[in-house]
Amino acid sequence: MKKKSLIVVLLLLCVTFVFASCSKPIFKDGPSSNDQVIGNGGMAVIKGEYLYFTNAFSSQEDVAVGGNKYDKEEPISAIYRTKLNNGSISIDENGNPVGAEILVKQIGGFEQTNLYIVGDYLYYVTPKTLNDADKNTITGLLSFNRIKLDGSEHKEVYSTNQTASEYSIAYSGTTAYIFVNINNNITLVTCDKKIKTSTFAEGVSDIILPSGELVSDFDKTVFYTKTVTINDDGQVNGNKIMKKGLNDKDEQVALLNGQTFTLVANKNNRLYYTVDSILYSNNFNGKLTQYGYNSFSNYAILNDNNGVDKGVIATYSSSDYNSIVLLNDVDVSPIKLIVDGMTDSQTYSIITATNNDVIYYVDNKVYKKNIYDNTSAISIGEFNLTVDSNTYIDCDGERLFYFAQVEESNKTYYYLHVVNLVEDAKGQFIGVLHQDDILDEEEK
């Protein structure tokens, strides 16, 4: 699963009735069921030779009450697909992707953008706006949907009308799981041939919601923290880490020792968390690893290499120094400086890290740096990654997707762009221009 750096606003959620709409296929061609999926989660995802993408950005605050109904309008931020040419996007004389076709006539690109292909379905999230009982307008609510990749069998699987803090989408085989945190209570929506909604956990403080592909039993275990009580072995300090498997009926205490835990990630069959700002990983089978002795942030955990811990990429910041480092087991290897520190107010933001490179940006400049050699960072290019003071980035390790205005237009909307991270490249517009952004002859 790719790393996402989508800096988003508050989610507003609560369950409502689920409905479905049946339709015939829109497309006769498309990917095969067993084609590889690349880049689940975010603004764009590839299956086989087809790219599925959100065309542009729309703010969820602008959705009218009762608006954004499926297949009623054709919003600028709808979801499209286009066929790739040897893995690349072909552009016509008007600057649009060759053969771009609309799949979902509903907002796909917004603050909470999240596209997942699971089996033959595309799962997506779209905003909605309602009035409460007192006729007050509530914006930013969410509707979770799926549609077959051929355009048939659209269905809203979950809908919300109350504030929540976060959500995630995960999958195992052809089954998708949607987790929603509503007032510290976790709702699970299981999407297979049938849709099942259940309460997964209640009264959580901090949680790592599963996302991406769930392979091992550890992946399918949800970890969260709760406040300790007088009944917890006499402990009155700190908090406790709880665990519960997808198919478990009851939760269990995973760790309780008087410390205060802040959860970071569930990856590599280990739970990553901090205690007193120090990062640890724990497989709950006798292997506890400490990474460094200082406070770091912006963690990007590297994939294991045949069971060997490859470490964690992180940023280190002080009042006058910022850098990117590789953290290893303190008993095995010291901290390694990856990117030299800067001595001004600028800070690094890690976009993602592969097993060989870290991809980061600063001042809208994107760089790629090998983790293990001493070569200089490679400049990928300079891109405007800011929309309404927020940054929306989606990266699958080879491609960077982001919303930006099109220079050769009236600059009304923010459209999806892509840049190839394998080589120096200019950001390429891959959306379909709205008529308001098309220049007439006098403007060209």
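The values are calculated or read from the model by the stated rules, or taken from the named source; none is laboratory data. Just so you know, these numbers come straight off a predicted model, no measurement behind them. Don't worry about glycine lacking a Cβ; one is built from the backbone with ideal geometry, like all the others, and counts go over all protein chains shown.
Quick check: anything in the stretch 149-171 crowded, with 23+ Cβ neighbours inside 10 Å, in contact with a helix residue (DSSP H, G or I) (Cβ under 7 Å, 6 or more places away or on another chain) and not hydroxyl-bearing (Ser, Thr, Tyr)? No. Just wondering, is there one or more residues in the stretch 341-351 that are surrounded by 14 or more Cβ atoms within 10 Å (Cβ to Cβ) and of a type in the set (Phe, Trp, Tyr)? Yes; the residues of the stretch 341-351 include at least one that is surrounded by 14 or more Cβ atoms within 10 Å (Cβ to Cβ) and of a type in the set (Phe, Trp, Tyr). On the basis of being within 25 Å of the chain's Cα centre (by Cα), among the small types (Gly, Ala, Ser), at pLDDT 95 or above and more than 23 Å from Thr175 (Cβ to Cβ), does Ser281 make the cut? Yes: the conditions hold for Ser281. Go through the residues of the stretch 386-400 one by one and say whether even a single one is in the same structural domain as Asn55 (by TED's automatic domain parsing), basic (Lys, Arg) and not in a loop (DSSP other than H, G, I, E, B). So far as the stretch 386-400 goes, yes, one or more of its residues are in the same structural domain as Asn55 (by TED's automatic domain parsing), basic (Lys, Arg) and not in a loop (DSSP other than H, G, I, E, B). Summed over the stretch 383-428, the residues that are buried (at least 17 other Cβ atoms within 10 Å of the Cβ), closer than 19 Å to Val45 by Cβ and among the polar types (S, T, N, Q) give a count of 1. Looking only at the stretch 167-197, filter to residues that are more than 19 Å from Val118 (Cβ to Cβ) and in contact with a strand residue (DSSP E or B) (Cβ under 6 Å, 6 or more places away or on another chain); which one of those is modelled with the highest pLDDT? Out of the qualifying residues, it is Ile186. Restricting the stretch 217-244 to residues that are assigned to a loop (DSSP other than H, G, I, E, B) and modelled with pLDDT of 95 or more, the residue that is nearest to Ser198 (Cα to Cα) is Lys220.
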